[in-house]
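Here is the structure we will look at, set down as structure tokens.
The values are calculated or read from the model by the stated rules, or taken from the named source; none is laboratory data. Quantities reported herein were computed from a predicted structural model and do not represent experimental measurements. Virtual Cβ from ideal backbone geometry, glycine too; neighbours counted across all protein chains shown. To get the accessible areas, we keep the full protein, side chains included, count just its heavy atoms, and leave off ligands, DNA and RNA. Shrake-Rupley method; radii C 1.70, N 1.55, O 1.52, S 1.80 Å.
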Amino acid sequence: MSQLKQEITLLGGIGQMSTTLLGTGLFMVPAIAASIAGEQILWAWCALLIAICPIAITFASLGKRYPNAGGASFFVRQAFGSRLEKAIALLFISVIPVGVPAAIAIAGGFAQQFLPSFFSHPIASQLFVVALLMVVNFSGSKSSSRLQTFIAIGIILLVVSFVASSDINSADFLPSTASSIEIAPITQAIAVMFWCFVGIEAFAHMGEEFKRPERDYPIAILVGCLLAGAVYYAFSVVVLEHHAFGTQALNTASVPFIAEQLFGTQAKWIISIVGFLACFATINLYTQSLSRMIWSLAREYRPNSAAARVSIKGVPTAATLIVGATLTVSCVFGYWSGIDIDVFLTLANGIFVVIYLFAMWSAVRLLTGGVKSSPCFHWLYASSCYFQLV
């Protein structure tokens, strides 16, 4: 049995966290939420960023104290024992055939726009994404974090270019006046927008590979969440300015629509590449996290098995191959079965809610002393549970 390498820097961690949260959400969620809440979407983002703080703070605190490749399942083990740990671990692993292939299908759709005609078939583009995932994952966590940092920079530059090229002033960034606030549409929008911040639980599996987990890991989570929130907020302002919402076609193609208005049709291929990279970044972290989860279980309960070994680059080879093989079979099955992607996403979202709740319950037991006993902590905990159940 060998150990994972501690190679992730603070900047790499922030890049991984922010790109994981942005992912496909940037290309759909702001427009969908704007269709629900209109200009009040800015109030919804403010409320959501406040509500997401307890989740981010909790995972940052737990990861700082217990940096482990087991992630949320390891937190549960420390709080409630190994039996519940196995249940949460298997629950997270069940995302491999359910949630990740759905995201791969979306990434494959973007890839078809710029790949050779051979990849025009959906299953061919999806298998290309799986193969690329394996290449990136076997290159090691250091190379992967660098790639995701570059992707994060690209996404931020795209949104900045949208803001700079639009007729937007500082007043447009301010939410609408308080007298016109309506709670119901804001709450409905938040229920949709919450899924932009699904991914914090996956990042928990990377804590063991930070060079300085006690310092850099919590900073990476908090800064990554704030950075992603700022990008979502700024892009929502752009969506409102260009009225890129209101119909299903606009909601799912708001980014290409805005790009064509600002830069013409020649920008289409750039949007396709950025969209693919954004999706790929999210899938990449989940692939890493899932392989670390399998490796962590093998290290704990089957230390002499092949799944408990890592390569010279610190990659859990057998666990990564298991994830890759499962993704391949799941993509082929999902395509030939014709099951709607929404079904897989709904199942995956339910899994994430359960994992978040158990992580928060673990925090109540593990984070003792002043933090746990303070009224502020109980308020943050209660509010996080509420928004996870919305």
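If you roll a 1.4 angstrom probe over the protein chains with everything in place, what fraction of the accessible area of the chain belongs to carbon and sulfur, to the nearest %?
It is 67 percent, rounded to a whole number.
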Query - Rounded FRET efficiency, nearest 0.05, which uses the C-beta distance separating residue 82 from residue 333 and R0 of 45 Å - result: 0.90
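Dipole of the chain, Cα-centred, from +1 at each Lys and Arg C-beta and -1 at each Asp and Glu C-beta, to the nearest 20 debye?
Here the size comes out at about 1620 debye.
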Query raised in the report: In the P(r) worked out for the stretch 249-348, what percent of Cα pairs fall beyond 15 Å?
Result: 74
Query raised in the report: Can you give the Kirkwood hydrodynamic radius for the chain, in Å, rounded to one decimal and based on Cα pairs?
Result: 21.2
Report task. Place a label point 7 angstrom from the Cα of residue 304 along the Cα-to-Cβ direction, then list the residues of the stretch 1-20 whose backbone nitrogen is under 16 Å away. Result -> 1-2
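With a length cut of 20 Å (Cα positions projected on each helix's long axis) and a Kyte-Doolittle mean of at least 0.0, go through the chain and give me the DSSP H helices that pass.
41-65, 95-111, 122-138, 141-165, 213-242, 268-301, 317-337, 341-366, 375-389
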Query raised in the report: Between residue 163 and residue 138, what length comes free when the chain is fully extended (0.36 nm per residue of separation minus the Cα-Cα distance, one decimal in nm)?
Result: 5.3 nm
Query raised in the report: Expressed in nm to one decimal, what extension gain is obtained for the pair residue 39 and residue 123 from 0.36 nm per residue of sequence separation less their Cα-Cα distance?
Result: 26.3 nm
Requested in this report: May I ask you to derive the FRET efficiency for residue 174 and residue 6 from their Cβ-Cβ distance with R0 = 35 Å, giving the value to the nearest 0.05?
Outcome: 0.20
Query raised in the report: Per residue, what accessible area does the chain have, given a 1.4 Å probe and all protein chains present, in Å²?
Result: 41
Requested in this report: Note down the nm distance, to one decimal, between modelled labels 7 Å out along Cα→Cβ at residue 249 and at residue 187.
Outcome: 3.4
Query raised in the report: To one decimal place, what Kirkwood hydrodynamic radius in Å is obtained for the stretch 158-297 from all pairs of distinct Cα atoms?
Result: 17.7
Report summary line: With a Förster distance of 35 angstrom and the Cβ-Cβ distance between residue 230 and residue 364, calculated FRET efficiency to the nearest 0.05 equals 0.75
Report summary line: Cα-based Rg then Dmax for the stretch 1-53, in Å, read 16.6, 55
Report task. Would you work out the relative contact order for the chain, in percent, from Cα pairs under 8 angstrom that are 6 or more residues apart? Result -> 39
